[in-house]
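Okay, structure first, notes after.
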Amino acid sequence: MVAARYKRIVLKLSGEALSGEQGYGLEPKIVRSIAEQVKEVVNLGVEVAIVVGGGNIWRGKVGSEMGMDRANADYMGMLATVMNSLALQDSLENCGVETRVQTSIEMRQVAEPYIRRRAMRHLEKKRVVIFAAGTGNPYFSTDTTAALRAAEIDAEVILMAKNNVDGVYTADPMLDDTATKYEELTYLKMLNDGLGVMDSTASSLCMDNDIPLLVFNVTQEGNIKRAVSGEEIGTIIRGK
């Protein structure tokens, strides 16, 4: 049996990772695939928390083009993450994985409010916990949410799942054929080189709390399990 390197993880999924090639909305096959991959990890005894973005449903850029107030646009993005979280919860439970959604904005008819101790208790009982609605505050990204929640629940690593690249490159590999992949990076180099893996607030949180970040491709079946098992995939980013 494959052994897990980590006991407790935060899996960061972009909204686009749930939309597949269509780039918007939810692709049922993709959502099901991610749920099955998470189940594999849970079966290894790993405690899994998930943070999902909302870019497949709403992007703040659209709001700014409409002349919308930034805070309102961000709140709409938070609601989009709740929709994604509920879809993922349903798919996980259809796979037989007990799951709880906790939201930073109270909506008790839909999900539990975020309470740190309750979240940790769920994890100890081997339930998957999905953190929705970002931090509950505008101007903060879901990357920052992942870093904050990872620090709060004492996660050992953040797994940042990408749907278009298999790690961090010196430049955008879609636009630059000469771009080369990093096997390992420091947060400081990532920030200094402007690599755009995650925003500076999230990076600083990870760096200050010594939380490693593994960037990998989620579209290849079994990659979440490989990442948890310590196989050399993607790019690992550390504080030093």
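Considering the chain as a Gaussian network with a 10 Å cut-off on Cα pairs, which listed residue, M198, M68, M190, attains the greatest mean-square fluctuation? Looking only at M198, M68, M190, the largest GNM fluctuation is found for M68. Candidate membrane-span-like segments in the chain, meaning DSSP H helices with Cα atoms spread over at least 30 Å of their own axis and a Kyte-Doolittle mean of -1.0 or above, are 70-94, with no membrane implied. Indicate the gyration tensor shape class of the chain (rounded, prolate or oblate), computed on the Cα atoms with a ≥ b ≥ c the square roots of the eigenvalues: a/c under 1.5 is rounded; otherwise a/b larger than b/c is prolate and the rest oblate. Here the chain falls in the rounded category.
Inter-part distance, segment 160-204 to segment 47-83, computed on C-alpha centroids, equals 22 Å. Here the dipole of the chain is about 880 debye; that uses its Cα centre as origin and unit charges on the Cβ of Lys and Arg (positive) and Asp and Glu (negative). For segment 143-232, a/c is not less than 1.5, where a ≥ b ≥ c are the root eigenvalues of the C-alpha gyration tensor, and a/b does not top b/c. That puts it in the oblate class. Counting neighbouring Cβ atoms within 10 Å and putting the fewest first, the residues T103, T81, T219, T180 line up as T180, T219, T103, T81. Once you list every other residue whose beta carbon is under 15 Å from the beta carbon of Q89, what net charge do they have if Lys and Arg are +1 and Asp and Glu are -1? With Lys, Arg at +1 and Asp, Glu at -1, the neighbours total -1. Projecting the Cα atoms of L205, V157, V129 onto the charge dipole of the chain (Cβ charges, centred on the Cα centre) puts V129 farthest toward the positive pole. Other residues with beta-carbon under 15 Å from the beta-carbon of E231 carry, at +1 per Lys or Arg and -1 per Asp or Glu, a net charge of -3.
Considering helices alone, the calculated mean residue ellipticity of the chain at 222 nm is -11000 deg cm²/dmol, with DSSP H runs of length four and up weighted by -39500 (n - 2.57) and normalised per residue.
Applying 0.36 nm per residue to the separation of Y24 and A87 and subtracting their alpha-carbon distance, the gain on full extension is 21.3 nm.
Quick check on my link table: of K7/K225; K181/K225; K7/K125; K7/K39; K162/K189; K125/K225, which ones sit more than 18 Å apart, alpha carbon to alpha carbon?
With Cα atoms farther than 18 Å apart: K181/K225; K162/K189; K125/K225.
For M76, the shell of other residues with beta-carbons less than 13 Å away shows a net charge of +1, using +1 for Lys and Arg and -1 for Asp and Glu.
Read-outs throughout are calculated quantities, based only on the coordinates presented, and are distinct from any laboratory measurement. These figures come from a predicted structure and were not determined experimentally. Reconstructed Cβ throughout: ideal geometry from the backbone, glycine too, with neighbour counts over all protein chains shown.
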